[in-house]
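Below is one structure, written out as structure tokens; the observations come after it.
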Amino acid sequence: MIPLSQPSITHQERNAVNQALNTGWISGTGPYVRDFETALKVQLGRDHALAVTNGTVALELVLRALGIGVGDEVIVPALTFAAPAAAVRAVGATPVLVDIDPFTWTIDPLDIPEASTYFTRAVIAVDLLGHPADFAWLDTVQDLSKRRNITIIEDAAQAHGAIYNRIGEEKAGALAYVSTFSFHANKAISTGEGGAVLTNDVDLAEKLRLIANHGMTSEKPYWHEIAGTNYRMTSLTAALGTAQVKRWDELTAARRDVAAAYDERLSPLFDSEVLYRRPVAQWAKESCWLYTVGSPYRQQLVEGLRAKGIDARAIWYALPDLPPYKQDGYFPTARKVSQEAFWLPTWSGMPIETIDYICEVIHDIPISTRVPS
Ligand SMILES: *Cc1c(COP(=O)(O)O)cnc(C)c1O
């Protein structure tokens, strides 16, 4: 099977992990974690970075640090990998779903005023499939809602290397007051499991560190300021992460090359009724997390690809249709994308012959236009 994705591990990553092992630094404290946090700060141009165990916990930690919990509501897009909604639940708050915008497939800022209530405390804007959310609009919404003190949180888990270009180029991961990343094995920068939180607010950064580190401050050993927890990333993971961040530009550019190759080969089909590409706004430069297309005939295409040993996959279910997040409402774009979009194999350094093969298979699949699905 041609896999959906695979990490890019070189001798640099191997050497970095071995070095950490050899020095005995294996826990969540010490120079390897600090180096990884510094590498992230520098890469993204932010003042503070905190490495944590994964991207879901990164979101949970942010919500806790903002004091969000029982009785509060957090607005989440109706189409995303479910982690943001799960993180809201994990702190005892309620996720309130809002449709995605048809032109960006990210949370629709215009729907936020109607979805906000007296209890709304935050919006988790996901840079979906590597496309930055519409942060200019989100800021406007936030200004309109100042009274309620709504915080915009950026979930950049899928957007390593994406660019938001409205008032100059800005990097995903630096587009909101606080941003999170995942470094799961299928993400563009990967540590296997891993996550991070980035912000420029020193007070928030200290709060995040306090919670993630058992509620202990560095000044007074074993003095627990609050009942914290342990969300620390291990040194082995951090060593791997530093080696990956050094290759940030190479790894993200390689994914863009994969997207360009797919675009070139599939664009003849984009003019037909059979296939369309994931849209990209003029102000956005997407990072190609997983190359995403849509079709009213998705089932036939995905089955045809899988029959040829290609791990193409249908995108997530819309959150309002899943048991834990059920919500009444129309969500037309989230549901349409959920029913039609699918992923083609994507990874950094994917051979061009593999892309050729996948595209030939797509071109050769006989589509019965009388059986949409
Ligand atoms: C992968 C992902 C996460 C969660 O990351 P993990 O590290 O797997 O916990 C969160 N949000 C989005 C949008 C993701 O794609």
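Computed from the coordinates by the stated procedures, all read-outs in this text should not be read as laboratory data. Everything quoted here is computed from the prediction, not taken from an experiment. Methodologically, a virtual Cβ is constructed for each residue, glycine included, from the backbone with ideal geometry; neighbour enumeration extends over all protein chains shown.
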Legend entry - Separation between Cα centres of segment 9-40 and segment 256-284, rounded to whole Å: 38 Å
Legend entry - Antiparallel DSSP beta bridges within the chain, as percent of all bridges there, nearest 5: 60 percent
Inset, instruction - Mind checking the full-extension length gain between M1 and R313? Use 0.36 nm per residue of separation minus the Cα-Cα distance, one decimal, nm. - result: 111.1 nm
Inset, instruction - For segment 163-270, run through the chymotrypsin sites (Phe, Trp or Tyr not before Pro) and keep only the ones in DSSP coil with at most 11 other Cβ atoms within 10 Å of their Cβ. - result: Y222, W223
Inset, instruction - Report the label-to-label distance for E360 and K326 in nanometres (one decimal), using points 7 Å from each Cα along the Cα→Cβ vector. - result: 4.8 nm
Legend entry - Mean Cα-pair separation over length for segment 245-345, i.e. relative contact order, pairs under 8 Å, 6 or more apart, %: 28 percent
Inset, instruction - Under 17 Å from a label point 7 Å along Cα→Cβ of R256: give me every residue in segment 162-190 with its amide N that close. - result: 162-174, 188-189
Inset, instruction - Between V42 and T217, with labels modelled 7 Å along Cα→Cβ, what's the label distance in nm to one decimal, could you check? - result: 3.0 nm
Inset, instruction - Just tell me which lysines come within less than 18 Å, Cα to Cα, of K326; anything on the same chain fewer than 8 places away is out. - result: K336
Legend entry - F119-R166 FRET efficiency (beta carbon distance; Förster radius 30 Å; 0.05 resolution): 0.45
Inset, instruction - Can you bin the chain into rounded, prolate or oblate? Criterion: square roots of the alpha carbon gyration tensor eigenvalues sorted a ≥ b ≥ c, rounded for a/c under 1.5, prolate for a/b above b/c, oblate for the rest. - result: oblate
Inset, instruction - Calculate, in nm to one decimal, what R14 and E353 gain on full extension: separation in residues at 0.36 nm each, minus their alpha carbon distance. - result: 119.3 nm
Inset, instruction - Would you calculate the separation in nanometres between label points at R89 and T140, each defined as 7 Å from the Cα along the Cα-to-beta-carbon direction? - result: 3.4 nm
Legend entry - Neighbour count of at most 12 Cβ within 10 Å plus DSSP loop: longest trypsin sites (Lys or Arg not before Pro)-free window in the chain: 1-325
Legend entry - Violating pairs (Cα-Cα greater than 28 angstrom) within the set K41/K285; K246/K285; K246/K308; K171/K207: K246/K308
Legend entry - Helical mean residue ellipticity (222 nm; -39500 (n - 2.57) per DSSP H run of 4+; nearest 500) of the chain: -11500 deg cm²/dmol
